[in-house]
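Here's the structure, in structure tokens; my notes come after.
The numbers here are math on the coordinates, done by the rules we state, and not lab data. Keep in mind that what you see is a predicted model, and the values were worked out from it rather than measured. Reconstructed Cβ throughout: ideal geometry from the backbone, glycine too, with neighbour counts over all protein chains shown.
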Amino acid sequence: MFCAVVRSFRAPNSAGLKPAGHTDYKSMFRLALRASAIISFALSAMTISAAPTQTQNATAQIQSVLRAQQDAWNRGDIDGFMNGYARSASTVFVSEDTIRRGWETVRERYRKKYSDRAKMGTLTFSDLEITLLSPDAALVLGRWSLKRANDQPHGRFTLIFKRLPEGWRIVHDHTSAAP
């Protein structure tokens with residue numbers, strides 16, 4: 001369509017008309033340059049205005065994953081809690097002085113350490129800071145706490161989320177307990 005507009009354009013000469021079949025390339029170039037600038041500006045404006053919405057959507061989706069994890073934990077559902085993690089051999093969990101690799105390995109760690117409801121207690125996530133690193137990756141800082149009959153362990157975590165076909169999932173978890 002743009003080419004058709006440029007081809008049909010005829011700039012007037014000093015007398016007001018151009019001879020039939022004559023093309024004013026300078027005028028065509030100026031018109032093409034203006035059209036290009038307008039299109040570039042419009043596309044930039046659309047990209048800039050879409051970015052805050054994408055960030056808000058990603059943040060809300062990540063918060064939803066963490067809320068679902070917290071709810072599953074508080075039901076005593078380790079497998080439901082693990083749905084927040086990428087089901088991958090490359091999923092990493094760092095805690096105490098140990099690095100665990102793989103979704104199955106992480107799940108087994110949770111099952112052994114929190115083998116009954118009393119050990120699980122009630123989980124609360126708080127002080128969440130979600131930073132989008134790219135459209136498909138985010139860094140999450142936060143605080144965790146367990147309320148149990150005999151103690152209230154708590155600490156901090158750093159999570160790396162990745163947007164996967166099934167949604168946002170944790171691919172790296174570094175969790176520490178306060179002394």
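Once a ≥ b ≥ c are taken as the square roots of the eigenvalues of the Cα gyration tensor of the stretch 52-177, is the result rounded (a/c under 1.5), prolate (a/b larger than b/c) or oblate (a/b not larger than b/c)? Since a/c reaches 1.5 and a/b is larger than b/c, the shape of the stretch 52-177 is classed as prolate. Taking the number of Cβ atoms within 10 Å of each Cβ as an exposure proxy, the fewest-first ranking of Thr105, Thr91 is Thr105, Thr91.
Summarising the amide proton neighbourhood of Tyr85: residues at separation of 5 or more, or on other chains, whose placed amide H is nearer than 5 Å comprise Ile170.
Per-residue Karplus couplings for the stretch 113-123, computed as 6.51 cos²θ - 1.76 cosθ + 1.60 with θ equal to phi - 60°, are listed in order as 6, 10, 7, 8, 4, 4, 6, 6, x, 10, 8 Hz, Gly and Pro entered as x. By the count of other C-beta atoms within 10 Å, a proxy for reagent exposure, Val94, Val140, Val106 are ordered fewest to most as Val94, Val106, Val140. Here the Karplus relation 6.51 cos²θ - 1.76 cosθ + 1.60, evaluated at θ = phi - 60°, turns the backbone of the stretch 161-171 into coupling constants of 9, 10, 7, 10, x, 8, x, 6, 9, 6, 10 Hz, with x for every Gly and Pro.
Which of rounded, prolate, oblate describes the stretch 110-178, given a ≥ b ≥ c as roots of the alpha-carbon gyration tensor eigenvalues and a/c under 1.5 marking rounded, otherwise prolate only if a/b is larger than b/c? Before the final figure, lay out the partial values.
Values: a/c = 2.98, a/b = 1.89, b/c = 1.58.
In terms of gyration-tensor shape, prolate.
DSSP beta bridges confined to the stretch 52-177 are antiparallel in about 85 percent of cases. Computed 3J(HN,Hα) for the stretch 140-146, one whole-Hz value per residue from the Karplus formula 6.51 cos²θ - 1.76 cosθ + 1.60 where θ = phi - 60°, is 10, 10, x, 10, 10, 8, 10, glycine and proline marked x.
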